[in-house]
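The values are calculated or read from the model by the stated rules, or taken from the named source; none is laboratory data. None of the values given here were measured: they were computed from a predicted structure. With ideal geometry, Cβ positions are generated from the backbone for all residues, glycine too; neighbour counts draw on all protein chains shown.
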């Protein structure tokens, strides 16, 4: 798998994420996908396998009326790809932490991707 193929898969993943097309995201994943989300240096979510990933993705989608990740930097380091992202979203519901429906989130972060047999095998999101 070459650099252009990896970049295309990541772009398709983000496009599917941004448009809430969970099944399109799933098509890009290895069966053993490991997903981790870190916020402020702490692990906030982890899944192993497509079923756990799908479940988390379906639950997470309900929190937002819209969301968009934009790649602002892309680099390949050894056997992984690291992207810097800007993230914008609008909440679809009130959250226990005091954020309310309609509130807008704006974050910067990074995502790290690894591949196996032409599919995403690991995704780590940091914000």
Filtering region 50-77 down to residues that are within 15 Å of residue 112 (Cβ to Cβ) and surrounded by 14 or more Cβ atoms within 10 Å (Cβ to Cβ) yields 69, 71, 74
Within region 78-99, the count of residues that are exposed (fewer than 14 other Cβ atoms within 10 Å of the Cβ) and modelled with pLDDT under 95 comes to 8
Being over 15 Å from the mean Cα position of the chain (by Cα) and within 20 Å of residue 9 (Cα to Cα), is that true of even one residue in region 108-116?
yes
Scanning region 2-13 residue by residue, those in contact with a strand residue (DSSP E or B) (Cβ under 7 Å, 6 or more places away or on another chain), farther than 15 Å from residue 53 by Cα and surrounded by 12 or more Cβ atoms within 10 Å (Cβ to Cβ) turn out to be 6, 7, 9, 10
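Only one residue in 49, 41, 32 is modelled with pLDDT of 95 or more and on the phi > 0 side of the Ramachandran plot. Which one? First the steps, then the outcome.
Details: 41 fails: modelled with pLDDT of 95 or more; 32 fails: on the phi > 0 side of the Ramachandran plot.
Exactly one of 49, 41, 32 is modelled with pLDDT of 95 or more and on the phi > 0 side of the Ramachandran plot, namely 49.
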